[in-house]
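*Asks:* Next up is a structure, given as structure tokens.
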Amino acid sequence: MNRRELIILLGGGAAAWPLAARAQQRVRIRRIAIVNPVASPEVMRENSDSIFYRSIFFELRRLGYIEGENLVVERLSGEGRIERYAEVARELLRLKPEVIVVNNARILAYIREATTTIPIVAISGDPILFGILSNVSRPEGNVTGFSADASIEIHGKYLEYLQKLKPDLSKVGLLAPRLAWEPYGRPLRAIAERLGVEIIGPPLENPLGAAEFRRVIAAMVDTGANGLLATASAEVSAHRALIVALAERYQLPAIYPSAGAPNVLLILTDDVGFGATGTFGGPIETPNFQRIADNGLRYNMYHTTALCSPTRAALITGRNHHSVASGDITEFATGYPGYNSLVPKSAGSVGAVLKENGYNTAWFGKMHNVPDWMSSQAGPFDLWPNGLGFEHFYGFLGGDSDQWHPALYENTKPVEPYVGKPDYILDVDLADKAITWMQMQHALAPNKPWLMY
């Protein structure tokens, strides 16, 4: 197994290997090492509560690699102690795995110093920011992987949100271990200066226990911090509940999804009557809906506007369709109030609201709420899903599209996934893309909730 195959595997998009190659793998024992800076080895298992590790083992098994049969998995933890990272790196050299999987930039730095030959698959913060790589598209050396950061700009957006919550925001405490504080702090200070805000410390020092988090946050408050920005590093995430409690105690505004925030799957069945599903007496079998209903949850007072565009506008904004200018389908828009199809920015969508509160968001399928004159590549894109708070869009604009040759967009770019695929059908494609996006969220951001429309 080389690192390119494992990186594809971790992304959930691995292609099946040729049968001959797979047969050879079954007679040879493979050895990989999984490293976490905080979590115990017990967490890094196939039956783990962490979907990140369950996903790894699920894909390994799907490719024919089964622990205890043809795969040996070594598990090492940094135990939340930075002084142990070098020891972990030395232990890896002794174990001689064929591939190392690690999900933290700080411990990765020690592993890179220890070996330049063992392939490393890393899931970390911005690899350029941390000096891991100089070129993301063509990673050099023995390291490849994924970045869990879209870019440092996302932390700049967090600062903007904090400023909206607290207009007199002046000093923001950056909560990060010392090894991560400067890589994040340096570019953040430039963004903060533009907003008229100061980034302050101190950094978290080793050992990174509860006492250290209490000390640092108290020191930030004593220095005048009236906002808190916690990085997504594994060491910080491990103390999430404590950070939330301390932020509340000191009344520090912070944007974060509450612990245990649910994932949200929102489905609009276009032009389908209320009684179509088996759950409500219709002919379409919906066993999962039925299971939920059997447990006592059944909604039967749904408001419908009888047309798709108004219904969708009401659903994603939580408002009467006339109050969001969607009294009719977009093709029949007029200049009268409530009917011009221009959803006002004051009517924040569920995507925008949840995104600003720590959710990842995506839209798959039909979008019949973009005015005709905004539906070209010239834009504007304000009323496309991306402009309404949905970070990812895969679907079509308008009232309908061909099932076999649909006019599809990925975000705002036209795509033709059916080319060279005579058996292509839109329903399957939409479902596959949605499932792949969901798997990526679980694998790369297992502690972050998502909304999928």
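Throughout, read-outs are computed from the coordinates displayed, never taken from laboratory work. Note that the coordinates shown come from a computational prediction; the quantities given were computed from them, not determined experimentally. Neighbour counts run over all protein chains shown; Cβ positions are idealised from the backbone, glycine included.
*Asks:* Based on DSSP H runs of at least 4 residues, each adding -39500 (n - 2.57), what is the mean residue ellipticity at 222 nm of the chain after dividing by all its residues, to the nearest 500 deg cm²/dmol?
*Replies:* When only DSSP H runs of four or more count, the value is -10000 deg cm²/dmol.
*Asks:* Still on this structure: Which percentage, to the nearest 5, of the DSSP beta bridges contained in the chain is antiparallel?
*Replies:* 10 percent
*Asks:* Right, here's the next one. Calculate, for Gln403 and Val264, the FRET efficiency according to 1/(1 + (r/R0)^6) with r their C-beta to C-beta distance and R0 25 Å; round to the nearest 0.05.
*Replies:* E(calc), rounded to 0.05, equals 0.35.
*Asks:* Sticking with this structure for a sec: Can you list the residues, at least 5 places off or on another chain, whose amide H is less than 5 Å from the amide H of Lys366, using H built in the peptide plane?
*Replies:* Phe396
*Asks:* Compute the FRET efficiency between Ile66 and Glu410 as 1/(1 + (r/R0)^6), taking r as their Cβ-Cβ distance and R0 = 45 Å, and round to the nearest 0.05.
*Replies:* Once the sixth-power term is evaluated, E becomes 0.80.
*Asks:* Where does the charge balance sit around Gly389 when Lys and Arg score +1, Asp and Glu -1, over other residues with C-beta under 15 Å from its C-beta?
*Replies:* Summing Lys/Arg as +1 and Asp/Glu as -1 gives +2.
*Asks:* OK, next. Going by the alpha-carbon gyration tensor, a ≥ b ≥ c the square roots of its eigenvalues, is region 316-453 rounded (a/c under 1.5) or, if a/c is not under 1.5, prolate (a/b greater than b/c) versus oblate?
*Replies:* Here region 316-453 falls in the oblate category.
*Asks:* Please turn the phi angles of region 202-219 into ³J(HN,Hα) values with the Karplus equation 6.51 cos²θ - 1.76 cosθ + 1.60 (θ = phi - 60°), one per residue in order, whole Hz, x for glycine and proline.
*Replies:* Values per residue, Gly and Pro as x: x, x, 6, 9, 7, x, 8, x, 4, 4, 5, 5, 5, 4, 5, 5, 4, 5 Hz.
*Asks:* Whole-Hz ³J(HN,Hα) for each residue in region 415-427, computed from phi via Karplus 6.51 cos²θ - 1.76 cosθ + 1.60 with θ = phi - 60°, x for glycine and proline: what do you get?
*Replies:* 9, 10, x, 7, 4, x, 10, x, 9, 5, 8, 4, 3
*Asks:* Let me ask another. Given H placed 1.01 Å from N in the peptide plane, which residues other than close sequence neighbours of Val72 have an amide H under 5 Å from its amide H?
*Replies:* Arg30, Arg31, Ile32
*Asks:* A further question follows. Quick one: what are the phi-derived ³J(HN,Hα) couplings along region 111-116, Karplus 6.51/-1.76/1.60 with θ = phi - 60°, whole Hz, x for glycine and proline?
*Replies:* 5, 5, 5, 7, 8, 10
*Asks:* How would you classify the chain from its alpha-carbon gyration tensor, with a ≥ b ≥ c the square roots of the eigenvalues: rounded for a/c under 1.5, else prolate if a/b is greater than b/c, otherwise oblate?
*Replies:* oblate
*Asks:* State the extension gain, in nm to one decimal, for the chain segment bounded by Met438 and Ile425, taking 0.36 nm per residue of separation less the distance between their alpha-carbons.
*Replies:* 2.6 nm
*Asks:* Would you list Tyr336, Tyr85 from fewest to most Cβ contacts within 10 Å?
*Replies:* Ranking Tyr336, Tyr85 by Cβ neighbours within 10 Å, fewest first, gives Tyr336, Tyr85.
*Asks:* So which lysines pass the test for Lys413, namely a Cα distance under 21 Å, with those fewer than 8 places away in the same chain ruled out?
*Replies:* Candidates past the 8-residue exclusion: Lys366, Lys421, Lys433.
*Asks:* What distance in nm lies between label points placed 7 Å from Cα along the C-beta direction at Ala241 and Glu285?
*Replies:* Between Ala241 and Glu285, the label points sit 4.2 nm apart.
*Asks:* Let me ask something else about it. Provide the FRET efficiency to the nearest 0.05 for the Leu165-Phe274 pair, computing r from the beta carbons and using R0 = 30 Å.
*Replies:* The formula returns an efficiency of 0.15 here.
*Asks:* Skipping prolines and chain starts, which residues have an amide H placed within reach, meaning under 5 Å, of the one on Leu175, given they are 5 or more residues away or on another chain?
*Replies:* Under 5 Å from the amide H of Leu175: Leu229, Ala230, Thr231.
*Asks:* If neighbour count is taken as other Cβ atoms inside 10 Å, put Arg94, Arg319 in order from fewest to most.
*Replies:* Arg94, Arg319
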